[in-house]
Amino acid sequence: MNNNNNTTTTGIPYSQPISAIPAHLLSQQAYASPPSTSPARMESPSQQGMGRQIPLTCAGHTRPVVQLQFSRILDDGNYLLISACKDGNPMLRIGNTGDWIGTFQGHKGAVWCARLNEDASRAVTASADFTVKVWDTYSGTALHTFPHKHVVRAVDISPDGRWVVTGGNEKIVRVYDTEKPNEKPKESKPHSAAVRTVLWDEWRQIILSAAEEKAVKVWSCDGLELKHTMETLDPVANLTLSDDGEVIQAAAGKSVYFWSAQTYELACRIDTKYDLSCVALHPYRDRFICGSRSELWVRVFSFPEGEELEVYKGHHGPVHTVAYSPDGMIYASGSEDGTIRLWQTIPGTEYGLWKTQEEEIAQYDEAMLAALLQEGALAEYGADAGIIQAMLNGMMSPEEYELLRLQAAEEARRQHALAMQQQLQPAEPEPVRAAEPMPPPQPKGYAAVAAAAAATPAPQEKYQPPRGRYQPPGRRNIAPAVYQ
């Protein structure tokens with residue numbers, strides 16, 4: 001799967017062996033304060049005896065999630081996660097738990113990209129409604145809107161939040177100044193295809209762009225002049241920059257490319273068997289993750305060997321985007337199924353909402369004992385409420401705790417056996433009741449109609465005066481007198 005030999009490849013420099021990779025790409029010396037414990041060269045779940053891990057699922061989107069980004073670790077020790085989705089509603093979440101913070105509402109089309117600045121005070125989004133918006137993450141209001149002439153597929157923001165770089169179906173890279181939003185933006189020479197990714201490199205004051213073509217281009221920030229071009233064998237699907245800004249990685253076709261961000265030389269190319277859609281390098285640079293546009297799996301590979309370490313399935317659609325958290329403890333994946341899933345780098349460790357197996361067992365035991373205490377099942381062998389409460393508060397020795405747990409389990413089994421015995425006992429027969437007399441048969445059909453008619457009394461007739469010719473008042477029908 002890895003391509004660490006010196007075989008000549010058409011259209012690209014040699015794929016270099018591990019020994020030829022610059023030392024600063026393989027060491028952790030570039031970090032200002034390296035972590036005390038590193039998950040470098042961690043054993044895979046199969047080597048650790050672990051099974052599959054169950055990720056945290058972040059619902060809320062109604063259409064495919066196409067882009068994810070974690071923020072830096074903020075002053076309070078937390079970090080955020082922003083997501084772009086085709087439902088037009090980018091969302092902001094707490095990074096280590098996935099809890100929803102807010103939704104940026106205002107776009108009238110699919111949102112293809114969403115990014116945060118360094119302190120996560122500003123967010124930028126690129127949409128199919130031909131606009132790019134700058135948001136205040138504290139209030140959720142749109143601060144600026146930059147119109148375009150076509151669909152905007154990519155956006156990024158400088159760490160200080162002043163500069164916004166965009167790209168899309170116009171095939172042009174633009175740079176906007178948020179302090180002068182009405183000024184005409186800077187524009188680059190056009191790509192040969194639609195721009196899919198733009199990245200702002202603050203360390204070297206350059207802009208990286210990848211279009212639907214077989215190259216990654218490097219531009220200067222001040223004048224958008226083309227400085228360098230890095231070629232690939234296939235069109236670039238995804239382009240990312242490592243957290244320390246030292247490694248550029250791209251997914252193109254079935255290969256993953258790693259370049260030095262200082263010299264733009266190809267460090268290594270790792271070939272896989274999968275049609276890749278996204279890639280993300282671990283902050284410690286010992287592994288990377290990939291998603292595919294043709295399957296539902298999230299795959300973890302070693303770096304730079306390219307050995308497949310772990311494979312996880314949790315999505316119900318192709319994986320469009322992946323990203324590592326700034327501390328490297330978890331990674332996120334977004335899929336066609338409209339969900340975001342958070343995975344542990346080391347399954348089974350206590351982090352965020354994940355708890356260790358021992359803690360889960362202890363919580364189960366405490367819940368069982370608390371339930372038995374509430375039902376009064378422990379009172380029969382002298383366990384009063386004070387002892388149970390002391391155990392629940394951690395004030396009891398492990399030996400006493402284990403003895404009490406065994407007693408509670410034995411009492412629970414006894415209660416269960418007693419309940420089953422009561423269910424198996426035959427029920428007492430009910431006394432025989434005297435038969436009630438059968439009601440007389442009721443007539444049916446026409447006989448029933450006739451009986452009902454006979455039982456109904458005949459209506460009394462009202463007096464109707466005889467009808468005659470109308471006589472006007474003052475005139476009567478009197479016979480004439482007969483005179484003799």
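The values are calculated or read from the model by the stated rules, or taken from the named source; none is laboratory data. All figures in this text were calculated on a predicted structure; none of them were measured in a lab. Glycine also receives a Cβ, built like all others from the backbone with ideal geometry; neighbour counts cover every protein chain displayed.
Considering only region 242-251, I want to know if a residue exists there that is modelled with pLDDT of 95 or more, in contact with a Pro (Cβ under 9 Å, 6 or more places away or on another chain) and under 19 Å from Val165 (Cβ atoms). Scanning region 242-251 turns up no residue that is modelled with pLDDT of 95 or more, in contact with a Pro (Cβ under 9 Å, 6 or more places away or on another chain) and under 19 Å from Val165 (Cβ atoms).
The criterion of being surrounded by 20 or more Cβ atoms within 10 Å (Cβ to Cβ), among the aliphatic types (A, V, I, L, M) and either in the same structural domain as Arg153 (by TED's automatic domain parsing) or farther than 20 Å from Ala84 by Cβ (or both) holds for Leu281. Filtering region 61-87 to residues that are surrounded by fewer than 21 Cβ atoms within 10 Å (Cβ to Cβ) and of a type in the set (Gly, Ala, Ser) leaves only Gly77. The residues in region 142-170 that are within 17 Å of Glu118 (Cα to Cα) and part of a strand (DSSP E or B) can be counted, and the count is 6.
Among the conditions (1) hydroxyl-bearing (Ser, Thr, Tyr); (2) closer than 21 Å to Val173 by Cα; (3) in a loop (DSSP other than H, G, I, E, B), Thr240 misses just one, which is (3).
Counting only residues that are crowded, with 20+ Cβ neighbours inside 10 Å and not polar (S, T, N, Q), region 225-240 holds 4 of them.
Counting the residues of region 111-131 that are within 20 Å of Gly334 (Cβ to Cβ) and part of a strand (DSSP E or B) gives 11.
Could you look through region 294-336, keep only residues that are in a strand (DSSP E or B) and among the polar types (S, T, N, Q), and pick out the one that is surrounded by the fewest Cβ atoms within 10 Å (Cβ to Cβ)? Top of the filtered list is Ser302. Just one residue in the set Val173, Val151 is under 30 Å from Leu233 (Cα atoms), within 27 Å of the chain's Cα centre (by Cα) and assigned by TED's automatic domain parsing to the domain that holds Val111; that residue is Val151. Kindly indicate whether Cys290 is in contact with a Cys (Cβ under 9 Å, 6 or more places away or on another chain) and not β-branched (Val, Ile, Thr). In short, yes. Return the pair list, or none, for Cβ contacts closer than 7 Å from residues in region 313-325 that are more than 13 Å from Val300 (Cβ to Cβ) and aliphatic (A, V, I, L, M) to residues that are part of a loop (DSSP other than H, G, I, E, B) and at pLDDT 95 or above, at least 6 apart or on different chains. Close Cβ pairs (under 7 Å, with a partner that is part of a loop (DSSP other than H, G, I, E, B) and at pLDDT 95 or above) do not exist here. Of the residues screened, Asp244 is one that is assigned by TED's automatic domain parsing to the domain that holds Val124 and either in contact (Cβ under 8 Å) with a residue 40 or more places away in the chain or over 32 Å from the mean Cα position of the chain (by Cα) (or both).
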